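Scroll down for the structure; my scribbles are underneath it.
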C-alpha cells in the first residue's frame, strides 16, 4: 500500500506515523487480509478510514440518484420574492411554478427534514420572516440572499447578481 502525499496531512498516531490516506486504486482486499496481522496499528487505521470514506462517497452518490425528493429555489419574474422548498414530485411542482411566473434558480436531491426545515429555521433565527400566508416565499433582500448563500442553499450563490437585480426587466435589454 502506498500513502498518497497530495492529501491534507492528518495528525500522527503519537509515534510519528502520519495518519494520511492510502491509495486504494490497486487494493485487493483478499491479498491484504493475509498481511493485516503484520500491519502496524496506524496502517490498519489508515486502511479502515480510507475504505469508509470511499464507500461513503459512493453511497451518497447512489442515494442522490435514487432519491426522488428535491429541494429547490425559484424567484418571481415580477415580484421581488424568492421561493425555497422541497417536493416529492419536482417535475409537476416545477411545471406549476413556471406557469405562475417563477424562474427556476436550481434544484438538487434533498429532504424536508434535513434541508428545507433547517434552512427555514436558520432564516427565522436570523429574523427573516416569510411573506404573509406562505412558509416558503421570502422577500428578496441582501440579508436573505446572504443567509441562503452561507447555508449553501441550492441555486442562490450562482444566481446572486440576478436575484438582487432590482428591476428584472432591465436584464432583457
* Structure fact -> Condition set touching a residue at least 40 places away in the same chain (Cβ under 8 Å) and surrounded by fewer than 16 Cβ atoms within 10 Å (Cβ to Cβ), scope the range 107-133, selection nearest to residue 158 (Cα to Cα): answer is 108
* Please indicate, with yes or no, whether at least one residue in the range 91-100 is in a strand (DSSP E or B) and under 23 Å from the mean Cα position of the chain (by Cα). => no
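Throughout, read-outs are computed from the coordinates displayed, never taken from laboratory work. Nothing here was measured: the structure is a model prediction, and the numbers come from that model. For neighbour counting, all protein chains shown are included, and Cβ atoms are generated from backbone atoms with ideal geometry for every residue, glycine included.
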